[in-house]
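Notes to accompany the following structure.
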Amino acid sequence: MKITIINGPNLNLLGTRETDIYGQTSFNDYFISLQSKFPKIEFEYFQSNIEGEIINKIQLSGFLSDGIILNAAAYTHTSVGIGDAILAINAPVIEVHISNIYSRETFRHQSFISPHASGIIVGFGLKGYELAVHSLINK
């Protein structure tokens, strides 16, 4: 099984950015631990601060991976294009957010991804990615 994890803007700063919300672990460190928990899964990881690059990666991975875990970060609330890219692919997409977006600013309550995602995981910190892996394995 191959799972692609796609992270959006500013998630390259995990571990140093707003640690009260996002914690002190970098995603690269977390990714290593995730791979060790699921040694039979082939993981691919991609992060970009650029919307078009995220769309390109969804389009490519959506036909090569068995599932996508997507944390589009701020683009969740603004990108019709990312939502449309999810509609155009075969792979199921699990939307993940590290923080509970519903306990934050009102504009974060809107998602252009959720209507097209197979599932949504919010507010469990980095553990949300692991929960998404379990979901894709059991699908």
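The values are calculated or read from the model by the stated rules, or taken from the named source; none is laboratory data. The model shown is predicted, which means the values in this text are computed figures rather than measured ones. Side chains are part of the model used for accessible areas, which takes the heavy atoms of the whole protein and leaves out ligands, DNA and RNA. Shrake-Rupley method; radii C 1.70, N 1.55, O 1.52, S 1.80 Å.
If all Cα-Cα distances of the stretch 16-139 are sorted into 5 Å bins from 0 onward, what percent lands in each bin, rounded to whole numbers?
Computed distribution, short to long bins: 2, 11, 21, 25, 22, 14, 5, 0.
5 Å is the cut-off here: which amide hydrogens, built 1.01 Å from N in the peptide plane, fall below it relative to residue 44, excluding neighbours closer than 5 in sequence?
Here 3, 4, 5 satisfy the definition.
Helix-derived [θ] at 222 nm for the chain: sum -39500 (n - 2.57) over DSSP H runs of at least 4, divide by residue count, nearest 500?
-9000 deg cm²/dmol
Using a 1.4 Å probe on the protein heavy atoms, what percent of the accessible area of the chain belongs to carbon and sulfur?
Accessible surface attributable to carbon and sulfur in the chain totals 52 percent.
Tell me, what is the percent relative contact order of the stretch 31-139, built from C-alpha pairs under 8 Å that lie six or more residues apart?
Computed over the stretch 31-139, the figure is 24 percent.
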